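S.K.: After the structure tokens below, expect a handful of questions from me.
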There are 2 protein chains.
Amino acid sequence: MVAKAEAARRREGTRSRLDDAARAGWLYYVAGNTQDEIASKLGVSRQSAQRLVSLAVSEKLVKVRLDHPIAHCMDLAARLRETFALERVEVVPTDPGHPDPALGIAEATAVEIETVLSATEPVTMGIGTGRTLKAAVDLMSPMDCPHHSAVSLAGNIAPDGSAAFYNVIFSIADKAKTRSFPMPLPVIAASAGERALLHEQASIRKTMALVASASISFVGIGDLGPSAPLKEDGFVTAEELVALQGAGAVGEMLGWTYDARGRFIEGLTNDRVASSPLPSREHGLVIAVARGANKLAAIRPAVTHRLVNGLITDEATAAALLG
Amino acid sequence: MVAKAEAARRREGTRSRLDDAARAGWLYYVAGNTQDEIASKLGVSRQSAQRLVSLAVSEKLVKVRLDHPIAHCMDLAARLRETFALERVEVVPTDPGHPDPALGIAEATAVEIETVLSATEPVTMGIGTGRTLKAAVDLMSPMDCPHHSAVSLAGNIAPDGSAAFYNVIFSIADKAKTRSFPMPLPVIAASAGERALLHEQASIRKTMALVASASISFVGIGDLGPSAPLKEDGFVTAEELVALQGAGAVGEMLGWTYDARGRFIEGLTNDRVASSPLPSREHGLVIAVARGANKLAAIRPAVTHRLVNGLITDEATAAALLG
DNA sequence: TGCGATAGTGAGTAATTGCCCATGCAAATA
DNA sequence: TATTTGCATGGGCAATTACTCACTATCGCA
């Protein structure tokens with residue numbers, strides 16, 4: 001029903017509406033018209049013009065990009081690179097008190113991914129999961145990259161059996177038309193035995209091998225505080241979370257939990273995590289994408305103990321990591 | 001001196017100012033703050049915040065990108081308008097390999113005509129002939145415009161004496177209920193003398209006068225290649241076509257043939273063309289409607305030599321005209 | 001030291017934009 | 001066929017933004 005309405009809309013309604021939105025957005029942002037002018041040029045009321053412009057924005061048709069190395073951010077990035085011997089660091093400005101936890105770093109990550117995919121030589125790129133990466137991919141411009149491969153680093157099956165929403169591999173395949181290699185596994189298996197069984201499947205083994213060859217990977221970092229994404233998304237229970245915290249876990253990447261010294265927690269959920277291991281930091285770039293005070297404890301061990309060798313974060317987080 | 005000022009600026013002044021501009025631009029466009037919020041976050045007055053944002057724009061620190069096929073069309077249109085000093089340009093997306101030579105531009109022309117006719121003030125609109133215009137009028141929504149006048153720019157008598165099929169004046173009168181002024185003449189008279197005789201008729205003189213007062217006109221463009229519409233429709237013979245080509249003719253509007261420099265071919269068929277001259281580009285809009293590789297040679301002189309001051313075409317043709 | 005030019009500032013004001021609401025239209029539903 | 005639901009529209013108004021003007025500080029230069 002919804003689909004039918006959707007289809008009908010696509011056939012005529014929304015199609016031309018999005019067209020108009022793009023027109024309006026172009027006239028507004030590129031040509032610098034006022035909404036009044038747009039209204040008369042498009043033959044609609046001023047209010048409609050305003051709606052079209054804001055539609056173009058909300059549909060992500062218009063993308064603003066800021067090309068200026070802000071000195072302070074550059075400085076922080078250089079010091080992070082130096083201090084933690086990271087290969088690649090990107091620091092974006094902070095907007096204090098803004099609600100969106102991915103603000104800025106999503107845009108920066110989108111640029112980063114686009115840069116990777118704009119290579120002519122085939123690239124294998126590992127992709128984790130999570131809200132931040134999802135937001136980043138949503139911000140990418142459509143591309144046509146059938147020569148590149150994107151491989152999922154984590155399972156994409158939610159606890160209820162559906163494809164997990166924040167799994168990003170499908171989004172990126174759709175946006176950039178890369179070859180895509182999902183990981184048809186739960187993030188955390190029911191038991192260690194089940195995980196072993198799953199990992200024996202030929203297709204999974206192939207995907208895992210591909211991960212090992214990835215030259216660049218992007219991973220989110222999850223905190224293990226009271227609203228840990230791992231719990232929010234139902235991958236671990238409240239009890240398991242408490243147990244993890246008790247064992248010293250402070251953060252998680254791809255489901256793998258680690259403590260303040262960057263050591264993976266032995267036993268508990270890590271025995272059942274079905275994700276690929278973190279890709280090699282020797283042979284490729286592994287870039288963590290995270291910001292925010294609540295993730296600080298999780299980010300710190302990741303960079304201090306070389307769980308990753310790249311970082312995209314914001315000013316405030318960068319300063320906290322250094323201070 | 002410039003270098004010195006530059007150096008001084010880099011040392012303190014503008015350097016940090018551009019930094020601030022970038023920050024302000026970021027907060028404004030990426031984080032979506034109001035300038036008030038930016039002002040307080042940066043600790044400057046609201047006016048200064050506004051200046052920083054506008055500086056970021058004028059310094060091209062912020063770049064907008066529009067991910068929609070329409071954006072490219074708008075871009076091409078703006079460049080055509082600029083390059084050829086045209087008043088009105090519409091560029092529609094190209095569907096590569098689609099057979100219909102009027103695809104897209106017919107729809108766009110229909111919209112254009114409807115817009116003209118939706119005026120409450122009486123308008124006199126000139127209309128040429130041709131498949132493209134015919135297709136455009138067929139796509140119009142029925143209207144009721146007895147206060148507007150449509151006047152044919154070209155004869156509507158086919159060589160066999162019937163009303164020429166691609167004459168559009170009747171279609172538009174029927175569709176929009178405008179007053180209509182056909183041109184009961186052959187497109188090309190049998191001789192220069194016959195043409196002179198025909199043009200002496202009172203009714204024809206009136207119609208011609210009306211043409212001269214048209215504030216907007218739509219004309220098709222015909223190529224003079226092997227399947228020139230002028231030949232296909234039997235207005236010129238194969239021999240005449242060869243002669244025209246020999247004289248350098250590359251295109252035709254309303255039957256008037258012209259060469260690559262936009263000069264009307266002297267002698268030959270132009271001595272007998274019974275159509276009205278092209279309406280004045282000084283006093284009104286004359287919009288050519290054409291697309292396609294085979295018409296490129298005919299379109300180019302029309303726009304470069306101001307035979308028309310408006311153009312409706314498609315992406316591929318627009319790009320070819322510019323490139 | 002003083003002069004002129006340049007750039008930045010704040011205030012006030014005009015222009016533009018964003019948002020809410022009542023209305024109307026059309027598709028879906030009973 | 002009548003009703004409901006969802007969505008686009010246009011008007012009006014408040015918020016936001018852009019612009020102008022007069023003033024000040026700074027800098028280069030004589």
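The values are calculated or read from the model by the stated rules, or taken from the named source; none is laboratory data. Every value quoted in this text rests on a predicted model; they were computed, and no experiment measured them. Here the Cβ positions follow ideal geometry from the backbone for every residue, glycine too, while neighbour counts run over all protein chains shown. Only protein heavy atoms, including side chains, enter the accessible area calculation; ligands, DNA and RNA are left aside. Shrake-Rupley method; radii C 1.70, N 1.55, O 1.52, S 1.80 Å.
S.K.: Does A:VAL64 fit the bill of being within 15 Å of DNA strand C (Cβ to nearest atom), out of contact with any Pro (no Cβ under 9 Å at 6 or more places or on another chain), open to solvent by less than 50 Å² (accessible area, probe 1.4 Å) and not assigned by TED's automatic domain parsing to the domain that holds A:ASP20?
M.R.: yes
S.K.: Counting only residues that are assigned to a helix (DSSP H, G or I) and touching a Lys or Arg at 6+ places or on another chain (Cβ under 7 Å), which one in segment B:172-198 is nearest to B:GLY130 (Cα to Cα)?
M.R.: Once the filter is applied, the top-ranked residue is B:ARG195.
S.K.: Name the residue, out of B:GLU200, B:GLU240, that is farther than 18 Å from B:ASN167 by Cα and touching a residue at least 12 places away in the same chain (Cβ under 8 Å).
M.R.: That would be B:GLU240, the only listed residue that is farther than 18 Å from B:ASN167 by Cα and touching a residue at least 12 places away in the same chain (Cβ under 8 Å).
S.K.: Moving on to the next point. Does A:LEU230 qualify as being out of contact with any Leu (no Cβ under 6 Å at 6 or more places or on another chain), over 16 Å from A:ALA154 (Cβ atoms) and crowded, with 16+ Cβ neighbours inside 10 Å?
M.R.: No: the conditions fail for A:LEU230.
S.K.: Let me ask something additional. What do you reckon, is A:ALA78 at positive phi and more than 16 Å from DNA strand C (Cβ to nearest atom)?
M.R.: The answer is no for A:ALA78.
S.K.: Here's something else I'd like to know. Is it the case, given these coordinates, that B:MET208 is under 20 Å from B:PHE264 (Cβ atoms) and open to solvent by 30 Å² or more (accessible area, probe 1.4 Å)?
M.R.: Against the criterion (under 20 Å from B:PHE264 (Cβ atoms) and open to solvent by 30 Å² or more (accessible area, probe 1.4 Å)), B:MET208 qualifies.
S.K.: Please work out which one of (1) more than 20 Å from B:GLU90 (Cβ to Cβ); (2) within 11 Å of DNA strand C (Cβ to nearest atom); (3) within 14 Å of chain B (Cβ to nearest Cβ) is the condition A:ALA56 fails and give its number.
M.R.: (1)
S.K.: Let me ask something additional. Output the number of the condition that B:VAL53 fails; it satisfies all remaining conditions of (1) β-branched (Val, Ile, Thr); (2) touching a residue at least 12 places away in the same chain (Cβ under 8 Å); (3) within 28 Å of B:ALA173 (Cβ to Cβ); (4) part of a helix (DSSP H, G or I).
M.R.: If we test B:VAL53 against (1) β-branched (Val, Ile, Thr); (2) touching a residue at least 12 places away in the same chain (Cβ under 8 Å); (3) within 28 Å of B:ALA173 (Cβ to Cβ); (4) part of a helix (DSSP H, G or I), just (3) comes out false.
S.K.: Right, another one. Give me the residue from segment A:27-48 that is surrounded by fewer than 17 Cβ atoms within 10 Å (Cβ to Cβ) and near DNA strand C (Cβ under 8 Å from one of its atoms) and, out of that set, farthest from the other protein chains (Cβ to nearest Cβ).
M.R.: Among those that are surrounded by fewer than 17 Cβ atoms within 10 Å (Cβ to Cβ) and near DNA strand C (Cβ under 8 Å from one of its atoms), it is A:GLN47.
S.K.: Does segment A:168-176 include one or more residues that are modelled with pLDDT of 90 or more and open to solvent by 60 Å² or more (accessible area, probe 1.4 Å)?
M.R.: yes
S.K.: Spot the failing condition for B:HIS72; the list is (1) closer than 29 Å to A:GLU114 by Cβ; (2) within 15 Å of DNA strand C (Cβ to nearest atom), and only one is missed.
M.R.: (2) is the only condition that B:HIS72 fails.
S.K.: Looking at (1) in contact with a His (Cβ under 9 Å, 6 or more places away or on another chain); (2) of a type outside the set (D, E, K, R); (3) part of a loop (DSSP other than H, G, I, E, B), which one does A:MET208 not meet, given that it meets all the others?
M.R.: (3)
S.K.: If you take just the strands (runs of 3 or more DSSP E) that sit entirely in segment A:71-162, which of them hold at least 1 residues that are in contact (Cβ under 8 Å) with a residue 24 or more places away in the chain and within 14 Å of another protein chain (Cβ to nearest Cβ)?
M.R.: Fully inside segment A:71-162 and qualifying: A:88-92.
S.K.: What are the residues in segment A:233-262 that are among the acidic types (Asp, Glu) and under 30 Å from A:THR178 (Cα atoms), if any?
M.R.: Hits for segment A:233-262 are A:ASP233, A:GLU252.
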